[in-house]
Amino acid sequence: MTMRPDPTFHASPKLAMEAPAENFAYTLLLSPDFSKPDALAVIDVKPGSPTYSQIVHTVTMPNKGDEFHHFGWNACSSALSPLAGHAFIERRYLIIPGLRSSRIYIIDTKPDPTKAKIHKIIEPEEVFKKTGYSRPHTIHCGPDGIYVSTLGGGGKDGTNGPPGVFIMDCETFEVLGRWEIDRGRQTLHYDFWWNLPRDYMVTSEWALPPQFENGIVPEDLLANKYGHRLHFWDLRARRNVQTIDLGANHQMALEVRPAHDPVREYGFVGVVVDTTNLEASIWTWWREGGTFHVEKTATIQPEPAPKEKLPPLLQGFGAVPPLVTDIDLSMDDRFLYVSCWGTGEMRQYDVSDPRKPKLAGSVHIGGIARRTPHPNGKAFAAGPQMVEISRDGRRVYWTNSLYSTWDDQFYPDGVPGVEVMANVGRDGGLELDKDYFVSFPDGYRAHQIRLEGGDCSTDSFCYPSA
């Protein structure tokens with residue numbers, strides 16, 4: 001607790017863009033065969049530093065089999081909310097959930113990121129007892145606590161009841177309980193985010209644990225049994241007010257990215273695959289007259305490929321699906337970045353008109369068939385996956401692992417952990433930085449990235465940009 005607001009909290013997106021650049025990136029490392037504990041790597045991202053693009057500290061966990069996935073801060077700019085804020089709390093602790101173990105680690109990054117250490121461990125029994133949920137997935141810092149989405153309900157296989165969201169105390173890290181009062185038609189879960197002043201939340205759908213933990217289930221995918229709906233909620237009442245089905249063939253509606261400026265009532269969601277043609281898609285939602293609307297606004301086509309370049313899972317299709325597995329929106333709401341994990345492409349769309357995205361930039365790296373190397377000549381296994389954008393929008397970082405069992409199905413030759421960065425032109429365009437290439441220790445894969453002081457998928461803002 002401090003007597004002044006944390007200097008990394010910003011009232012508006014514009015002020016966040018003007019803040020000092022990040023010096024460190026935090027990246028989650030997972031052991032896909034569970035032979036070693038998962039870890040948090042701290043990377044020097046300050047240009048000119050003698051350790052630039054190198055791991056300068058590692059926090060190794062005491063347990064095996066956690067399967068780290070998505071993580072976040074205990075507090076962020078949402079703490080400046082005029083209604084329910086905690087303006088004097090610090091952005092200090094990283095909350096890291098184990099997707100497979102349901103264990104949660106609290107990592108203290110003060111007094112220095114290079115000395116980060118474990119502060120507290122929340123065992124899965126506490127999560128089960130207080131929420132009835134399992135498989136914690138995504139962390140968002142809200143004005144009144146830490147919100148955690150889950151992918152499993154109760155029981156050993158996580159199918160005893162639907163998954164949902166629970167809340168933790170942002171100072172003691174005690175698990176408080178379920179967030180939902182009335183979930184309506186929601187039975188699956190994946191991502192969530194909100195517009196705080198407009199008082200709504202958006203959630204998306206992936207699958208239940210038996211459909212993802214041991215790999216993708218082709219029969220379920222072709223039968224359109226993965227998630228394909230968006231849910232809109234009254235944030236304060238914790239009530240589902242509207243559900244929109246994107247169509248059963250639009251399988252796996254994953255990351256949701258609302259506009260950062262709270263006066264803009266729209267956002268985006270990425271769909272992994274259309275089972276009728278293997279294309280991926282971007283959808284835009286907006287609210288008008290109190291009702292939410294959604295439409296497909298961009299499509300990405302599969303790439304034909306010879307059978308010998310395809311993993312067994314795809315050989316019957318003769319093509320590589322783009323597999324949009326992550327998206328991220330720049331702080332000024334101008335550029336949407338789209339990870340095509342299958343074809344090995346990072347796309348940049350100009351979404352100044354959110355219902356008419358225009359392709360503004362693209363780089364290829366990795367890919368199931370292309371296998372494009374990095375500009376420095378080094379191999380990049382798999383394709384662009386978790387993507388993170390600096391607050392000023394000039395740097396885009398990404399890693400290459402999706403989920404351990406899915407990695408093995410789509411990239412059976414292996415997915416050594418790598419992190420790269422692309423520089424962004426003033427008016428768009430992407431160019432991979434030849435000097436930024438992080439290779440992680442053998443046996444580890446790399447997933448989500450967080451940036452020191454916040455990034456474009458961390459903070460939600462309480463005030464509009466001037």
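Please give the length that would be gained between F317 and N23 if that part of the chain were fully extended, namely 0.36 nm times their separation in residues minus their C-alpha to C-alpha distance (nm, one decimal). Net length gain for the segment: 101.4 nm. With a simple spin-label model that places each label point 7 Å from the Cα along the Cα-to-Cβ direction, the separation between D144 and N224 comes to 3.8 nm. Cysteine residues of the chain whose C-beta has no other cysteine C-beta under 4.7 angstrom: C170, C340, C456, C462.
The distance between label points at K307 and N423 comes to 4.6 nm (points 7 Å beyond Cα on the Cα→Cβ vector). Converting phi to 3J(HN,Hα) with the Karplus coefficients 6.51, -1.76 and 1.60 and the offset θ = phi - 60°, region 204-212 yields 10, 9, 10, 5, 8, x, x, 8, 9 Hz in sequence order, with x at every glycine or proline.
Take the Cα radius of gyration of region 46-174 and divide it by 2.2 N^0.38 Å, with N its residue count; two decimals is plenty.
1.14
Close amide H contacts of E174 (hydrogens built in the peptide plane, cut-off under 5 Å, sequence separation of 5 or more or a different chain): D169. For R238 and K129, a Förster radius of 25 Å and the Cβ-Cβ distance give a FRET efficiency of 0.75, rounded to the nearest 0.05.
Calculated translational diffusion coefficient of region 13-451 (37 °C, 0.692 mPa s; Stokes-Einstein with Kirkwood radius over alpha-carbon pairs) equals 151 µm²/s. The slack in the chain from T291 to K434, taken as 0.36 nm per residue of separation less the alpha-carbon distance, amounts to 46.8 nm.
Over region 62-220, Cα pairs under 8 Å with separation of 6+ residues give a relative contact order of 17 percent. Spin-label pair K156-R355: with each label point 7 Å from Cα along the Cα-Cβ axis, the two points sit 5.1 nm from one another.
Distance between the C-alpha centres of region 40-63 and region 376-437: 17 Å, rounded to the whole angstrom.
For region 143-180 and region 240-306, what is the centre-to-centre distance using only Cα atoms, to the nearest Å? Cα centres, region 143-180 to region 240-306: 25 Å. The residue list V148, A84, G247 was ranked by how far each Cα lies along the charge dipole of the chain toward its positive end, using unit charges on Cβ atoms, and A84 comes out on top. Calculated [222 nm] ellipticity per residue, helices only, for the chain: -1000 deg cm²/dmol; basis is -39500 (n - 2.57) per DSSP H run with n ≥ 4, divided by all residues, nearest 500. Near S102, the amide H atoms lying under 5 Å from its own belong to R135; only residues 5 or more places off or on other chains count, and H is placed 1.01 Å from N. In terms of distances greater than 25 angstrom between alpha carbons, the cross-link table entries K46/K356; K156/K296; K46/K434 yield K46/K356; K156/K296.
Rule-based calculations on the coordinates, nothing more; no lab input. Only a predicted model underlies this, so the values are computations on that prediction, with no experimental measurement involved. Every residue, glycine among them, receives a Cβ derived from its backbone with ideal geometry; neighbour counts consider all protein chains shown.
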